[in-house]
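Presented below is the structure to which this report refers.
The values are calculated or read from the model by the stated rules, or taken from the named source; none is laboratory data. Quick caveat: nothing in here was measured; it's all calculated off a predicted structure. Cβ coordinates were reconstructed from backbone atoms using ideal geometry, including for glycine residues, and neighbour counts include every protein chain displayed. All accessible areas refer to the heavy atoms of the entire protein, side chains included, with ligands and DNA or RNA removed. Shrake-Rupley method; radii C 1.70, N 1.55, O 1.52, S 1.80 Å.
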Amino acid sequence: MRILHVTSSLDPVAGGVPVGLAELAISQRAVGLEVEMISTWVSTPGTQIVDKLREHGIETTLVHAREPR
C-alpha cells in the first residue's frame, strides 16, 4: 500500500501535529507500507523531523510556500 501525507509544516516548533504525523509515517513504514511526505515551509524548512523521516526510508519533499500578503 502506498501512502502520501501532505502537511503545511514539519517544523517541530509548529507543535504536536508535525511530530505526531512523523511518528505515524515512521510506524507505517515499519510495518512495510510505502510512505511519502510532502510539506510546505515559509521562513526556514526546519530539518530535524525531515532528517528523521529520511533516516527511516521515507521520501520527504519540501515545497517553499510564499509568505501571506
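Computed quantities for the displayed model
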item: Unmet requirement for Arg29, which otherwise passes all of (1) of a type in the set (Lys, Arg); (2) touching a His at 6+ places or on another chain (Cβ under 8 Å); (3) without any contact (Cβ under 8 Å) to a residue 12 or more places away in the chain; result: (3)
item: Segment 1-25 - residue that is of a type in the set (D, E, K, R) and surrounded by 12 or more Cβ atoms within 10 Å (Cβ to Cβ) and, of those, modelled with the lowest pLDDT; result: Asp11
item: Segment 51-66 residues that are more than 12 Å from Glu36 (Cβ to Cβ) and open to solvent by 60 Å² or more (accessible area, probe 1.4 Å), paired with ones that are at pLDDT 95 or above and assigned to a strand (DSSP E or B) (beta carbon under 7 Å, 6 or more apart); result: Val63/Ile38
item: Qualifying residue in segment 10-25 (condition: in contact (Cβ under 8 Å) with a residue 40 or more places away in the chain and within 9 Å of the chain's Cα centre (by Cα)); result: yes
item: Selection count, segment 26-43, where residues are more than 19 Å from His64 (Cα to Cα) and open to solvent by less than 60 Å² (accessible area, probe 1.4 Å); result: 5
